[in-house]
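Step one of this worksheet: look at the structure below.
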Amino acid sequence: MDRRIRHLLHDLWKASKRFVIENPLQPFPLGDRLAGYSGDKWKHDLRAGINVALLAFPQGMAYAVIAGLPLQYGITCSIVAALFGPILAGSRHTILGPTNATSFMIFSYFAAYPALGKDMLLLMPLTIFMAGVLLIIGAYSRAADLIQYISRTVVVGYISGAALLIMLNQSKEIIGVTLPAADGESARSFFTIAWQILSRIPETNLAALGLSAATLVIFLVLRKLVPSFPGFAMTLVLITILASILHDRQVLDVATFGSVDVRDIGNLLPNYDIFSDPGVFDRIYQLFGLAFAIAFLASLENSVMAKSLASKAGERVDLNQDMLAVGVANLGASVLSGMPASGSLTRSALNFNSGAMTPISSLLSAVFCLLMFLIFGGFIEYIPKCALATLVICIAVSLINTKLIRISLAATGSDAVTLVVTFVSTLILPLHVAIFLGVGTSIMLYLRKASRPHLVEYEFDEGGSLKEMDEENGRKIPQISIVHVEGELFFGAAELFRTQIQRTIRDDSLKVIILRLKNARHLDATSVMALEELIGFLRSKGRDLIVSGAMKDVYRVLRNSGLINVLGKENLFLGSTKNPNLSTRNALKRAQEIIGSEEADVRIFFDPSHS
């Protein structure tokens, strides 16, 4: 037994090693980007790095607020991810860091499971580490290639629903009220939070509401007058100065954030005690769903962002290479930060529009973000919570893309259903469940459309070519039916395929069915079982099945599954690319032999250019 296990492990190791060799990822793509690096590229990267840092610093705080984590976690994640990401990323404009989608997924999960929420800070490093490992495994397994099969409507529905949740959750800071802490197993859904906030409107802090209004006005004015200016950061600076002045004069009293000592490294880094906890495997069991959802969403976000920027830059993108970069960035964030990293569309777009030439711009943005943190980190305690909440809501509003929603609703019925299911799910379910419910709906509707093989009854015309049977006149040979199968025959189509064939054989005069599989694709075990059951059913009725036109991939499945022995080698006629109808002609001869008739003179078109 031990020897068999050793052999199995050895075979698994060899298979894994061969898989990695056959699916290579670059160990240091940044080196290729730096070949021929010039002063002109440095100037472009420097400008882009400064612009990105001015956005990443306040956005990092905003996303930490969304996740319900300390502000410094968002800033350190912006630094760490931007340092680790470009080393392995294939895309030169990618900026990694905290994002709204992953941040709110964290909040949603721990709001849905309050018992775990009490240990949120303790559990975050393990969660992020697991997400990083899953992303790295996915990269080497080429899992990013499957992302293209996820409908964009899932992303549109998820982001739209999450944006509403973000706005609702931050509105409590706008009116300056505190919601009761969730305890036990009571979860907070969209409607629970909405009811709690509505019930506390009479307790509104007018000072917080007024400061929120001032924040919104400043932000909108800056964006209108100087759109290229870092309006987010400047608004936060101006409103913090205003709030401090009014507070000193005892005119204003609003909640602010706690102080952050940037010199205390222990205060900036996450707590690692979870990794030495004896119950760590129980925690892995509890957090795996969240980690998988974060890894999936990070890969999906990064894929959408990378393909969008690559199309603008006229470049090709290796999504698996980028998935590896996101995985390594999350490993770094699990040790040096406290938030998961993903591909930021806003910061990456700013990096692209700022003229970044290489991934050096990402490294520079991390350096400038770190300098800003060291210089201004001590002033974080003066930032009014209502002001940052207002800016978070401004970000959330920009996430709702009415154009994409309209396209998704109008394109097809499947897209509309997927969008609505995903959107509604984000409002009533935890987001790590809602995202997969949307993906499941999308795949289910896709399989429903793909699993509809097209079956047409054919016959030979006087010229020897196949044509669709004339329904009015019926078959020339009533005992024989030639059924042409077009499309997929994988597991999703097997039952429909069998049902359609059984409908064809309702004709009592029919004795032989010739199944023309030349254009049938993707036979699998389920379709083979359906064929075997069909053969048994036909023979129980005194009828026969002949297969013609089977190409190499179909023949391989029939042979490996043993179906040829059930069918009989004399009833299988392989297809030919030189003369596609030849196998059907031979199958028809075999059918006439079975019924003992030579009623028809079977001719077939032959191209004399082929010998």
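The values are calculated or read from the model by the stated rules, or taken from the named source; none is laboratory data. These figures come from a predicted structure and were not determined experimentally. Positions of Cβ are generated from backbone atoms using ideal geometry, with glycine treated the same way; all protein chains shown enter the neighbour counts. Please note that ligands, DNA and RNA were not included when accessible areas were found on the heavy atoms of the full protein model with its side chains. Shrake-Rupley method; radii C 1.70, N 1.55, O 1.52, S 1.80 Å.
What about A356, is it in contact with an Asp or Glu (Cβ under 9 Å, 6 or more places away or on another chain), open to solvent by less than 10 Å² (accessible area, probe 1.4 Å), within 22 Å of K41 (Cβ to Cβ) and at pLDDT 90 or above?
So A356 passes the test.
Which of the residues belonging to segment 480-520 are surrounded by fewer than 23 Cβ atoms within 10 Å (Cβ to Cβ), at pLDDT below 70 and aliphatic (A, V, I, L, M)?
Once the filter is applied, which keeps residues that are surrounded by fewer than 23 Cβ atoms within 10 Å (Cβ to Cβ), at pLDDT below 70 and aliphatic (A, V, I, L, M), segment 480-520 yields L496, I501, I505.
Taking the condition of being crowded, with 17+ Cβ neighbours inside 10 Å and outside any loop (DSSP other than H, G, I, E, B), how many residues in segment 247-267 meet it?
Residues in segment 247-267 being crowded, with 17+ Cβ neighbours inside 10 Å and outside any loop (DSSP other than H, G, I, E, B): 1 in total.
Name the residue, out of L388, L419, L364, that is surrounded by 18 or more Cβ atoms within 10 Å (Cβ to Cβ), touching a residue at least 60 places away in the same chain (Cβ under 8 Å) and more than 30 Å from S189 (Cβ to Cβ).
When all the criteria are applied, what remains is L364.
If I filter segment 581-590 down to residues being modelled with pLDDT of 80 or more and either out of contact with any helix residue (DSSP H, G or I) (no Cβ under 9 Å at 6 or more places or on another chain) or among the aromatic types (F, W, Y) (or both), which single residue comes out as surrounded by the fewest Cβ atoms within 10 Å (Cβ to Cβ)?
K589
Of everything in segment 333-353, what is touching a residue at least 24 places away in the same chain (Cβ under 8 Å), farther than 12 Å from L96 by Cα and open to solvent by 10 Å² or more (accessible area, probe 1.4 Å)? Give them in sequence order.
V335, L336, L350, F352
Checking the condition part of a helix (DSSP H, G or I), on the phi < 0 side of the Ramachandran plot and buried (at least 18 other Cβ atoms within 10 Å of the Cβ), which residue from L209, L236 passes?
Answer to the check: L236.
Any idea which residue in segment 46-86 is surrounded by the fewest Cβ atoms within 10 Å (Cβ to Cβ), counting only those that are farther than 29 Å from L165 by Cα and touching a Phe, Trp or Tyr at 6+ places or on another chain (Cβ under 7 Å)?
I50
Determine whether segment 594-608 contains at least one residue that is at pLDDT 85 or above and either in a helix (DSSP H, G or I) or more than 23 Å from V528 (Cα to Cα) (or both).
Within segment 594-608, one or more residues are at pLDDT 85 or above and either in a helix (DSSP H, G or I) or more than 23 Å from V528 (Cα to Cα) (or both).
Select from segment 554-572 the residues that are part of a helix (DSSP H, G or I) and free of Cβ contacts under 8 Å to residues at least 24 places away in the same chain and write down the one among them that is most open to solvent (accessible area, probe 1.4 Å).
Here the residue is K569.
Suppose we keep only residues that are modelled with pLDDT under 90 and in contact with a Ser or Thr (Cβ under 7 Å, 6 or more places away or on another chain) within segment 283-332. Which one would you say is surrounded by the most Cβ atoms within 10 Å (Cβ to Cβ)?
N302
Quickly run through segment 137-151 and pick out the residues that are over 11 Å from the mean Cα position of the chain (by Cα) and assigned to a helix (DSSP H, G or I).
Hits for segment 137-151 are I137, G138, A139, Y140.
Need the failing condition index for A298 against (1) in a helix (DSSP H, G or I); (2) out of contact with any helix residue (DSSP H, G or I) (no Cβ under 8 Å at 6 or more places or on another chain), just the number.
With (1) in a helix (DSSP H, G or I); (2) out of contact with any helix residue (DSSP H, G or I) (no Cβ under 8 Å at 6 or more places or on another chain) applied to A298, the lone miss is (2).
Condition test on V154, is it under 20 Å from the mean Cα position of the chain (by Cα), open to solvent by 30 Å² or more (accessible area, probe 1.4 Å) and over 26 Å from N51 (Cβ atoms)?
The answer is no for V154.
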